[in-house]
Amino acid sequence: MVNYNSNSGSFKKGLTPWNKGLKKELDLNFITEKYKRGFSCQEIGDDLEVSEKTIRMRLNDLGIKRRKSNEPNERTRNKISNTLKKMGIQPRKIYKGKPWNKGLKGVQEPWNKGRDDLPESHKKGKTYEEMYGKERSEIYKEQIRERRKTQIFPKKDTLIEVRMAEALQSLKIKFEQHKYISDIEHSYQCDFFIPVQKGIKQRTILECDGDYWHHFPEGREKDRVKTKEMEAAGYRVFRFWEHDIWTMSNQDLKDILYY
């Protein structure tokens, strides 16, 4: 975990998680055989009553190369085919003849290539101000900014965000995901906003920083800028690295947030 405000919280880096090194005893031969027969990690995990991630980790420990998600095996393809047939969906007929445009040149040129009679709004390289004038361009840009406040980026939560949300729910902490922080200069959507509540006396922001995308261990300059702006606005900010989130227990998180 990286916390740019050294005065916030009491968690110290280097503490050993209570469950480190503990593994549930599983039949590795069963896992290997089922996986080689085409069963997915999720299906094997359901049989053994463990998570898909646990099965993936066991396969990695065994040195078994896992299949790519975009390359389904024969068993999976047959399941998909049978399901589609039950739904009455027939497979598409693949055209195997000669392509109609093979050997032809110039048949797929853009409709606007070389045209000089297009309106200004259709030409490349024009700014909003050049196309609509200064007054109208400011109105359009403000409308775009307002719409972006309610859009969630990305549309699907990352795995570490899901893990953090589960931990907060387990601790019964009220929170809001992807809240738009508008009272700072570089406004943006934070990962988690925690309002003042019992045990938490200050508005708190939690950021889940992926090791790759946020440039571990140096971190990104724009993340540091936003952190300083939010702290100046009265927020308490914690930034967690991806690898720390996976090893951190719920009690560790509670010790960080409560004071």
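The values are calculated or read from the model by the stated rules, or taken from the named source; none is laboratory data. Here the structure is a predicted model, which means the values were calculated and not measured. All Cβ positions, even for glycine, are placed from backbone atoms using ideal geometry, and neighbour counts span all protein chains on display.
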Leading residue by the ranking (modelled with the lowest pLDDT) among those in the range 126-168 that are closer than 24 Å to Ser182 by Cα and among the basic types (Lys, Arg): Lys155
Which numbered condition Lys198 fails, given (1) more than 22 Å from Thr16 (Cβ to Cβ); (2) within 16 Å of the chain's Cα centre (by Cα): (2)
Could you tell me which numbered condition Gln202 fails, if it satisfies all but one of (1) under 30 Å from Ser51 (Cα atoms); (2) touching a residue at least 24 places away in the same chain (Cβ under 8 Å)? (1)
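Condition test on Asp191, is it touching a Leu at 6+ places or on another chain (Cβ under 9 Å), crowded, with 19+ Cβ neighbours inside 10 Å and either of a type in the set (Asp, Glu) or assigned by TED's automatic domain parsing to the domain that holds Arg145 (or both)? Steps first, please.
Values: touching a Leu at 6+ places or on another chain (Cβ under 9 Å): yes; crowded, with 19+ Cβ neighbours inside 10 Å: yes; either of a type in the set (Asp, Glu) or assigned by TED's automatic domain parsing to the domain that holds Arg145 (or both): yes.
Yes, satisfied.
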Only unsatisfied item for Ile181, checking (1) of a type in the set (A, V, I, L, M); (2) surrounded by fewer than 16 Cβ atoms within 10 Å (Cβ to Cβ); (3) farther than 26 Å from Gly14 by Cα, is (2)
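In a helix (DSSP H, G or I), out of contact with any strand residue (DSSP E or B) (no Cβ under 7 Å at 6 or more places or on another chain) and either aromatic (Phe, Trp, Tyr) or surrounded by 12 or more Cβ atoms within 10 Å (Cβ to Cβ) (or both): which single residue out of Tyr212, Tyr140 fits that description?
Details: Tyr212 fails: in a helix (DSSP H, G or I).
Tyr140 is the lone residue from the list that is in a helix (DSSP H, G or I), out of contact with any strand residue (DSSP E or B) (no Cβ under 7 Å at 6 or more places or on another chain) and either aromatic (Phe, Trp, Tyr) or surrounded by 12 or more Cβ atoms within 10 Å (Cβ to Cβ) (or both).
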Evaluation of Lys174 against (1) assigned to a helix (DSSP H, G or I); (2) over 23 Å from Thr16 (Cα atoms); (3) touching a helix residue (DSSP H, G or I) at 6+ places or on another chain (Cβ under 9 Å) (one fails), failing number: (1)
For Ile245, all conditions in the list (1) touching a residue at least 60 places away in the same chain (Cβ under 8 Å); (2) more than 22 Å from the chain's Cα centre (by Cα); (3) surrounded by 17 or more Cβ atoms within 10 Å (Cβ to Cβ) hold save one; what is the number of the exception? (2)
